[in-house]
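S.K.: The structure's right below; bear with me while I get my questions together.
The values are calculated or read from the model by the stated rules, or taken from the named source; none is laboratory data. The structure displayed is predicted, hence computed values, not measured ones. A quick note on method: Cβ atoms are made from the backbone with ideal geometry, for glycine too, and the neighbour counts reach across all protein chains shown. Remember, those area values only see protein heavy atoms, side chains included, never the ligands or the DNA or RNA. Shrake-Rupley method; radii C 1.70, N 1.55, O 1.52, S 1.80 Å.
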Amino acid sequence: MASSTELTLLIIYAVAFYIFIIHRSLQISHDHYTKVYGLRPGWIFHRLNDVSDAQWRNFRGNLTILTLVFGIFTLVATACRKYGLKAKGMAAIWLLVSLAYLSYLHGACIIYILSIASANYLLVKICGRTNFVFLLWIFNLTLLICNRVYEGYPFSLFGQSWAYLDNYRGTFRWHICFNFVILRMISFGYDYHWKDYSNQFDKEKHIQRCNNCSLGRTCYQLLQERSLENNKFSFTIYLCYLIYAPLYIAGPIVSFNAFSSQLDTPQKTHSLKKVVWYGLRWIFSLMLMESMTHFFYYNAFAVSGTWKYLSPLDIFIIGYGVLNFMWLKFFLLWRYFRFWSLINGIEAPENMPRCINNCYNLESFWRNWHASFNKWLVRYMYIPLGGTKTKLLNVWVIFTFVAVWHDLEWKLLSWAWLTCIFFIPEMIIKSTTNALKVESSFGKFLYRELSAVAGAITITCLMVANLVGFVIGSSGINWLLSKFLQKEGLPTLGGMFITFYVGTKLMFHISDSKQKRIHNR
């Protein structure tokens, strides 16, 4: 009864909060739209549309051509499947179509992509049977840094006789997309290196516990952990994996083992009905994004710096709105490309399986944000570095790599190191609470309340880290603190904390409800 009353009160608070946020967001956008840039004429009620985010603007503007390539790619793949093509045959067809796609995107810069990919393949094939992991990382990290430092290597660097090729660099900067290719090259190297070692993965135990595998469908984890024959590590399959059109631009990231395993037999986890429903949900989410950018100019406020002149309450609203905009943007990008891949029979891990507003600790947030990247980091960095034995050290190495992988910017390194600092108390508290067993009702109540307070603190830390990393930069930390630690800002800070506390308690109820449904099956 008490739990039911608490849930009712929490829902009432949440509804009131979002009504207030929507009302105030509309008012801010109406009052200040002339002071921000990045707004363009929209199609909803003749309102201006916020296209200030370059990544979203490019994706939205090229959606028609992307969908055309999507359709052609799918028609070719479906026809080839009907003729019984498998493994090398399918890889060769997909490779040809993907090369045509890359030629449009990058023009003459495809020379760089193929040259680097070939060099990595030779390195893996020559040294892959030895303890070559150090060489693999040095090669790929050097490329990652040099690609950014030299801005994709102008052809003029190699002499004036090559300079004319700079006029044919395509429509999309190749070295931006190549960050994902580097992850795939490392994946190929590790999976080739590991194929001759005994696999600790217990297949039978996994099948018993996995809902998909127990029903005769093969899940992603089983695809990833299975050992492959030597012929699956051919240059054709490798190159197809690196530049596979549906996942090339933004992922999700799929391991080499999982990709190669699905060339013979298309994914069976998702039925056609589920895939179609997945596509319809994406269209609904796109309409949600269009509504958001037509009515709320969160990102335009952030990129133009106008929000710095607002009250602490309005700064919180804009900051909260920017994070939700970022979540929905990446949600749409990643699910579009995953949908394209699923249609063609290749399953990739789902990014953002949980909403940003349903994460109350750092570990679950990063597991559910760029989830496929998280799986990659666990498989190819966290476990090789020692796993849980050296967890406190691992997070610093991993998040520094993630920052450098995104871009060579101090604000991203600040984001990474802030996240690590916030991670340490959470890990210590978790290890302590796992060792303690709370038996009494009061003890359980107290533990739940303290967990809700810890969740509110964590959400605040997440907001700060992400705003520093992707919006205001490291130089903006002092400004942010000065705004909220002054007399005018303290009530807003208190309201934020109460709201995040309420949100965490709601997440507890959602989690409890899911556990009950699983238990009742």
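S.K.: Compare the peptides 268-279, 52-63 by average per-residue count of other Cβ atoms within 10 angstrom and give them in order, highest first.
M.R.: Packing order, densest peptide first, comes out as 52-63, 268-279.
S.K.: Related question: Taking the Cα-to-Cβ direction at Asn231 and at Leu99 and moving 7 Å from each Cα, how far apart do the two end points lie in nm?
M.R.: 2.2 nm
S.K.: Given the Cα-Cα distance of Leu446 and Phe158 and 0.36 nm per residue of separation, how much length would full extension add, in nm?
M.R.: In short, 97.0 nm is gained.
S.K.: Taking a probe of 1.4 Å, how large is the accessible area per residue of the chain, in Å²?
M.R.: 50 Å²
S.K.: If you take the Cα Rg of the chain and divide it by 2.2 N^0.38 Å, with N the number of residues, what do you get?
M.R.: 1.03
S.K.: Can I ask one more? Would you please give the FRET efficiency between Asn131 and Tyr83, computed as 1/(1 + (r/R0)^6) with r the Cβ-Cβ distance and R0 = 45 Å, to the nearest 0.05?
M.R.: Working from the Cβ atoms, E equals 0.60.
S.K.: Tell me, what HN-Hα J-couplings in whole Hz come from the Karplus equation 6.51 cos²θ - 1.76 cosθ + 1.60 at θ = phi - 60° for each residue of region 452-465, using x for Gly and Pro?
M.R.: 5, 5, 4, x, 5, 5, 4, 4, 4, 4, 4, 4, 5, 4
S.K.: Sticking with this structure for a sec: Starting from 0 in steps of 10 Å, tell me what percent of the Cα-Cα pairs of region 130-284 lands in each bin.
M.R.: 9, 28, 31, 20, 9, 2, 0
S.K.: Take the Cα atoms of region 1-65, find their three principal axes, and give me the spread along each one in whole Å, biggest first.
M.R.: Principal extents (largest minus smallest coordinate, Cα): 55, 33, 21 Å.
S.K.: For the chain, what is the mean residue ellipticity at 222 nm derived from helices alone (per DSSP H run of n ≥ 4: -39500 (n - 2.57); sum divided by total residues; nearest 500 deg cm²/dmol)?
M.R.: -22500 deg cm²/dmol
S.K.: Then there's this: Considering only the other residues whose Cβ falls under 12 Å of the Cβ of Leu310, what net charge follows from Lys and Arg at +1 and Asp and Glu at -1?
M.R.: +1
S.K.: Which Cys residues of the chain have no other Cys beta carbon under 4.7 Å away?
M.R.: Singleton cysteines: Cys80, Cys109, Cys127, Cys146, Cys177, Cys219, Cys240, Cys355, Cys359, Cys420, Cys461.
S.K.: Taking only the Cα atoms of region 233-353, how large is their convex hull per residue, in Å³?
M.R.: Hull volume normalised by residue count: 121 Å³.
S.K.: Additional query: Leaving ligands, DNA and RNA out of it, report the carbon-plus-sulfur percent of the accessible area of region 93-175 at a 1.4 Å probe.
M.R.: 69 percent
S.K.: Put one equal scatterer on each alpha carbon of region 86-185, apply the Debye formula with no solvent term, and list log10 I(q)/I(0) at q = 0.21, 0.22, 0.25 1/Å to two decimals.
M.R.: Computed log10 I(q)/I(0) values: -1.17, -1.22, -1.33.
S.K.: Next question, about the same structure. Rank by packing, highest mean first: peptides 110-120, 39-49, with packing defined as the count of other Cβ atoms within 10 Å averaged across residues.
M.R.: So the order, starting with the most tightly packed, is 110-120, 39-49.
S.K.: What percentage of all Cα-Cα pairs in region 22-169 are separated by more than 20 Å?
M.R.: 71 percent
S.K.: Would you mind checking Lys308/Lys505; Lys329/Lys411; Lys329/Lys391; Lys273/Lys375; Lys88/Lys195; Lys205/Lys514 for any pair whose Cα atoms are more than 29 angstrom apart?
M.R.: From the list (Lys308/Lys505; Lys329/Lys411; Lys329/Lys391; Lys273/Lys375; Lys88/Lys195; Lys205/Lys514), the Cα-Cα distance tops 29 Å for Lys308/Lys505; Lys329/Lys391.
S.K.: Which whole-number percent gives the relative contact order of the chain, counting Cα pairs below 8 Å spaced six or more residues apart?
M.R.: Computed over the chain, the figure is 18 percent.
S.K.: Straight-line reach from Lys444: which aspartates and glutamates have a Cα under 20 Å away, not including same-chain ones fewer than 8 places off?
M.R.: In chain and number order, the partners are Glu6, Glu426, Asp512.
S.K.: Can you tell me which of 365-376, 11-22 comes out highest on packing, and rank the rest after it, using the mean Cβ neighbours within 10 Å?
M.R.: 365-376, 11-22
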